[in-house]
Amino acid sequence: QLQLVESGGGLVQAGRSLRLSCAASGSIFSINVMGWYRQAPGKQRELVATITSGGSTNYADYVKGRFTISRDNAKNTVILEMSTLKPEDTAVYYCYAYRTARAYWGQGTQVTVSS
């Protein structure tokens, strides 16, 4: 089993920055992809950004240029640096990992951006 634990959410004013962190533990070998998804109230869960074990990144259009994803394979962590936050970024952010044909999710961390 693989466990993912997020940290770093909170309340922030629009235009400010926030950093999310996700630590993986348990069966951490062969994690192909890690990343972040988010879900706002009444909406479906959507992609934010992903990063492969080789460092290739993928961003949703609505966060490109504002968010940066990074990964520390030695520490089994993935970081999401969020800048120029907007009220529409308000959501529960979920850490994601893909390993041996299965997706794993963290419990989520709330990010609230006030206008």
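Below is a table of values for the structure above.
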read-out	value
Most fluctuating residue given options Ala103, Ala23, Ala74, as computed from a GNM of the chain linking Cα atoms under 10 Å	Ala74
Nearby lysines by direct alpha-carbon distance to Lys86 (threshold 16 angstrom, same-chain neighbours under 8 apart not counted)	Lys64
Sulfur and carbon atoms: percent of accessible area, region 1-107 [1.4 Å]	48 percent
Computed label-point distance, nm, for sites Asn32 and Ala103 using a 7 Å Cα→Cβ extension	1.3 nm
Relative contact order for the chain, counting Cα pairs under 8 Å that sit 6 or more residues apart, in percent	37 percent
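The values are calculated or read from the model by the stated rules, or taken from the named source; none is laboratory data. Worth saying up front: this structure is predicted, and the values here are computed from it rather than measured. All Cβ positions, glycine included, derive from the backbone under ideal geometry; neighbour counts span all protein chains shown. Remember, those area values only see protein heavy atoms, side chains included, never the ligands or the DNA or RNA. Shrake-Rupley method; radii C 1.70, N 1.55, O 1.52, S 1.80 Å.
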